[in-house]
Amino acid sequence: MLKPILFAVLTLLITYLYRRLHYKRFQQHGRLPQMPPSLLFGHLKTLDGLIKRGEADRHPDIMFTEMHEALGRPSLMFVDLRPVNRPLVLISSHEIAEQVSKPSKLFPASLPKTDLSYLLHLTGPTSILLSHGEPWKALRKRYNPAFAPQHLMSLLPCVLEKTSSFIRNLDALACSGEEFSLVTLAINLTFDIIGAVVMDVDLDAQPLDVSRQGELVRLYVELFREYWDDKADMPWWLIPKIEMKRRRLGKRIDQILKDIIHRKHAEHQAKGHGDNQSRSILSLSLRDTKTLSPELVNETCDQIKTFLLAGHDTTSITLSWVCYWLSRTPRALAAVRSELDNLLGHKSDMESVYARLLSPEGPDLVHRMTYISAVLKETLRLHPPAATARYSKPGTGFTVHTPEGGDHCLDGMIIYNCEGLIQRDPAIYGDLAEYFVPERWLGDVDIPASAWRPFERGPRNCIGQEFAMIEIRVIVAAIARRFDFTKIGLGELALDEKNQPMLDGNGIYKIKSLLYNTRQVNAKPVDGMRMKVNLAPDHDE
């Protein structure tokens with residue numbers, strides 16, 4: 001008698017679980033465009049199949065793009081990542097993305113970001129990146145003055161000083177003919193700049209001999225490597241050894257930064273409010289602080305780590321892609337050099353360039369670099385290094401309206417504004433959406449502001465975006481006429497029988513193989529942008 005009862009109970013349980021799972025997989029989000037899901041694995045099997053069709057270390061956006069294409073480019077796409085992660089809805093329409101990022105009655109500071117606690121050792125628990133609500137608002141208000149345009153232009157001498165070391169390293173590599181990673185070289189440059197701008201300290205980031213780098217940079221780079229590819233956001237209990245190493249490196253970085261904070265606070269107190277006061281972000285944030293509490297030190301340490309993270313990585317990646325596209329697009333390189341001749345004079349040696357940029361009209365010259373700005377915008381359109389994901393708790397009622405006329409509640413899902421799709425939308429950017437065309441940003445631009453969002457938009461946009469654009473413009477101004485870059489390996493130029501590069505129909509040099517991104521916190525060229533560099537033939541010493 002007991003066995004039939006147990007069998008009946010088991011049958012009912014299995015039936016209930018099957019129906020529940022069937023509902024979750026096929027009905028709960030069935031109205032959203034999606035690939036056919038698997039009952040047990042959702043879309044994980046589809047993603048696994050796509051991964052196996054190419055290089056395993058490709059950025060997830062590449063697989064998402066293939067799924068999106070297969071579905072006919074819907075304005076949003078559902079990806080069921082259960083049981084590994086929450087289900088995800090990928091946004092490919094700029095109109096929906098704007099609904100996600102703008103303030104609303106439900107979310108006055110826009111939809112909260114997803115859990116980024118896996119970045120804890122890189123940013124600290126009170127980071128502005130991880131904060132929400134009133135704590136975020138207070139931090140944003142505290143640091144906004146440091147990123148005001150007038151103050152940023154006062155940092156030109158610092159950017160140029162650090163760029164001098166970058167140029168000397170490129171000179172040495174041009175002389176030796178060695179192959180090198182441009183991303184690594186650019187990371188060292190941006191570390192030096194961000195160290196000076198944020199803390200007014202020399203991080204010693206740019207010696208070609210890495211063993212001579214400052215300890216903070218070496219530790220941070222080592223910590224960053226522990227977030228490579230699929231290990232980036234795994235739960236700690238799946239990667240205990242990596243987690244222990246992250247914790248150890250994070251603690252040592254905290255110790256170094258807290259020592260700097262105490263030292264800079266003491267210097268600030270000794271100098272008072274005179275003209276010789278440092279203009280670093282750290283000094284500005286401590287200006288009205290007489291006593292350093294442990295809580296303030298911890299919070300300040302976390303914000304410095306966050307600025308180090310955001311300030312070195314995305315800028316170095318963008319600079320590397322700028323050099324890559326200029327090396328592939330001769331008309332763009334010629335236009336950049338012509339603009340610099342007109343603005344800075346025909347002498348392209350360091351002393352002449354720096355004298356012009358450091359003159360009273362220097363800030364105005366930077367603002368007048370319209371073609372260089374177009375190159376940066378187009379590079380960031382094709383290769384947005386960072387991404388953002390949002391989350392609305394179940395029961396909140398966060399609903400978006402699609403261009404097709406549908407309404408969808410996105411509660412309980414990761415909401416991913418996929419800039420890589422939004423910024424390559426043929427409906428906005430036309431038949432040349434996949435091509436590097438800086439000219440699309442010149443003159444009367446008929447592109448919705450919400451369709452270009454590498455720094456995201458709304459209240460939670462990147463606080464340092466204006467500085468990043470100024471910084472890269474100044475670096476490009478210093479190096480574009482001096483050097484010619486040549487890609488090595490993936491993405492290198494295809495040559496004809498006369499050993500000459502070949503232009504395609506859009507004025508871009510053809511390549512032998514595609515250079516793709518991998519994931520290391522941000523989207524980064526998989527080979528670190530392997531390059532060789534030469535002095536430009538018409539460079540004026």
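Considering all C-alpha pairs of the chain, those separated by over 34 Å amount to 43%.
Can you list the lysines whose alpha carbon sits under 22 Å from that of K102, skipping same-chain ones fewer than 8 residues off? Within the straight-line cut-off, K102 pairs with K113, K137, K141, K377, K393. Among A494, M63, I193, which residue has its Cα positioned farthest towards the positive end of the charge dipole of the chain, with +1 placed on the Cβ of Lys and Arg, -1 on the Cβ of Asp and Glu, and the dipole taken about the Cα centre? Going by the Cα projections, it comes out as M63. Under the rule a/c < 1.5 gives rounded, and otherwise a/b versus b/c splits prolate from oblate, where does region 277-421 land using the Cα gyration tensor? Since a/c reaches 1.5 but b/c is at least a/b, the shape of region 277-421 is classed as oblate. Here the chain is treated with +1 on each Lys and Arg Cβ and -1 on each Asp and Glu Cβ, and its dipole about the Cα centre works out to around 2180 debye. Peptide packing: for 73-83, 415-425, the average count of neighbouring Cβ atoms within 10 Å per residue gives the ranking 415-425, 73-83, highest mean first.
Quick one: grab the alpha carbon gyration tensor of region 174-241, order the square roots of its eigenvalues as a ≥ b ≥ c, and give me rounded if a/c is under 1.5, else prolate or oblate depending on whether a/b is larger than b/c. Since a/c reaches 1.5 but b/c is at least a/b, the shape of region 174-241 is classed as oblate. What separates the Cα centres of region 313-336 and region 159-228 is a distance of 19 Å.
Of the DSSP beta bridges with both residues in region 86-535, give the percent that are antiparallel, rounding to the nearest 5. The antiparallel fraction comes to roughly 85 percent. If you average 1/r over all unlike Cα pairs in region 450-541 and invert the result, what Kirkwood radius do you get in angstrom? Value: 16.5 Å, from the Cα pair sum. Lysines near K241 by alpha-carbon distance under 19 Å, same-chain residues fewer than 8 away left out - which ones? Partners within reach: K231, K251. Straight-line cross-link reach from K510 at under 19 Å between alpha-carbon atoms covers these lysines, not counting any fewer than eight positions away in the same chain: K487, K498, K532.
Taken together, the values in this text are just the output of simple stated rules run on the coordinates, not laboratory data. The structure displayed is predicted, hence computed values, not measured ones. Using ideal geometry, Cβ is built from the backbone for each residue, glycine included, and neighbour counts are taken over all protein chains shown.
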